[in-house]
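Q: Mind having a look at this structure? Questions to follow.
The values are calculated or read from the model by the stated rules, or taken from the named source; none is laboratory data. Note that this is a predicted model, so its numbers are computed, not measured. Ligands, DNA and RNA are stripped out before the accessible areas are found, and what is left, the full protein with its side chains, is counted by its heavy atoms. Shrake-Rupley method; radii C 1.70, N 1.55, O 1.52, S 1.80 Å.
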Amino acid sequence: TTTTTTTTTTTNETAPSSDDEDDNQTIERYMQLFKLTQLPKVVSVKLIISEAMPSTSRQTLREIMSPVLSTLHVQPEYGLYHCGLCVAAWILEWNSSGLCIPRKVVSSAALMSIDIDRWSNTDLQSAVDKMAEVIVRWNTTMKYTNGVGRRSSSKKHVGNCQDFVDDMLQALNIRVDFQGALKEFLNDLRTKGKSELKFKITPTFRETFDLDEHVSEIIFKTHSQLDEFVHRIKSHKASFKLELDFHDESYLLKSYDRAFWMKNFKYEDDERWKPSEKCSCPFKDPRQTKSVLLFGQ
């Protein structure tokens with residue numbers, strides 16, 4: 001009879017905990033979501049600002065509170081609105097569920113879709129790890145709070161959608177510095193709490209495109225209204241390039257346009273969000289330019 005003796009050797013290495021294994025598996029799942037998506041050579045990164053208060057009564061309350069919060073310097077950077085990031089075919093956002101679950105690029109409440117960066121396919125693959133790590137950290141250690149959120153709180157594990165976006169942008173080394181017409185619009189969101197898609201017409205813009213002198217601003221209610229306005233000013237003077245000669249105005253108008261498209265992806269039959277039938281979209285269909293991808297493309 002042979003007796004086998006088993007010797008146990010103790011080392012200083014610590015086996016990974018089940019929580020670490022779960023986090024690693026979650027990160028891998030998020031990475032696969034991006035890698036399984038058919039990607040173009042260049043991918044746009046967009047900041048999505050959405051309506052967070054759909055009822056008229058709550059919007060009225062926001063208009064009352066926004067100037068007060070702004071004066072007290074406790075108003076979130078983008079006001080009392082919801083924010084998220086759009087990368088390739090996915091929206092990344094932190095909501096009241098206390099979870100970030102990447103979802104398809106559709107939105108019923110988008111106000112603006114603002115281009116903030118452009119990545120090559122290679123850049124995106126290297127950024128996926130960083131995005132997944134932020135998502136897992138927020139999903140496992142953070143609690144959702146409404147209102148002013150972490151900026152005015154001593155609690156390190158509490159935050160709102162805008163705090164999440166800030167953390168994600170920091171991890172991705174993206175600096176946001178809006179100027180001109182877009183900066184003015186975002187300032188109105190924060191200080192006045194009004195979410196009308198307003199375009200203010202400066203004297204120079206009016207004179208260049210021969211617009212009615214009695215009209216100082218336009219509020220866009222529909223996608224077709226925006227398309228036809230931009231088409232008219234682009235065709236008025238062929239020598240002017242809107243995106244070059246009036247970069248800030250073009251940037252703001254395109255941000256409105258992309259938000260209209262996101263609503264159109266969600267509600268294809270709603271006439272308000274359909275592009276104009278009288279002219280093609282001046283900023284082009286984002287599915288064709290690949291600046292926005294729909295899942296499965």
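Q: What is the percent carbon and sulfur in the accessible area of the stretch 192-282, measuring with a 1.4 Å probe over the protein chains and ignoring ligands?
A: Details: 2340 of 5070 Å².
Carbon and sulfur: 46 percent of the exposed surface of the stretch 192-282.
Q: In addition: Considering amide H positions built from the backbone, and no H for Pro or chain starts, which residues 5 or more places from V45, or on another chain, come under 5 Å of its amide H?
A: It is I116, D117, R118, W119, by chain and number.
Q: Beyond 23 Å between alpha-carbons counts as too far, so tell me which of K46/K274; K234/K254; K234/K284; K41/K241; K46/K130; K241/K274 fall in that bin.
A: Correct reply: K41/K241; K241/K274.
Q: Accessible area per residue of the stretch 221-262 at 1.4 Å probe, in Å²?
A: Using a 1.4 Å probe on heavy atoms only, each residue of the stretch 221-262 averages 45 Å².
Q: Now, a different point. Whole-Hz ³J(HN,Hα) for each residue in the stretch 131-138, computed from phi via Karplus 6.51 cos²θ - 1.76 cosθ + 1.60 with θ = phi - 60°, x for glycine and proline: what do you get?
A: 5, 5, 5, 5, 4, 5, 4, 5
Q: For the stretch 245-257, just list the computed ³J(HN,Hα) in residue order, Karplus coefficients 6.51, -1.76 and 1.60, θ = phi - 60°, integers in Hz, with x standing in for Gly and Pro.
A: Karplus-based 3J(HN,Hα) across the stretch 245-257 equals 6, 9, 4, 5, 5, 4, 4, 5, 4, 5, 4, 5, 4 Hz.
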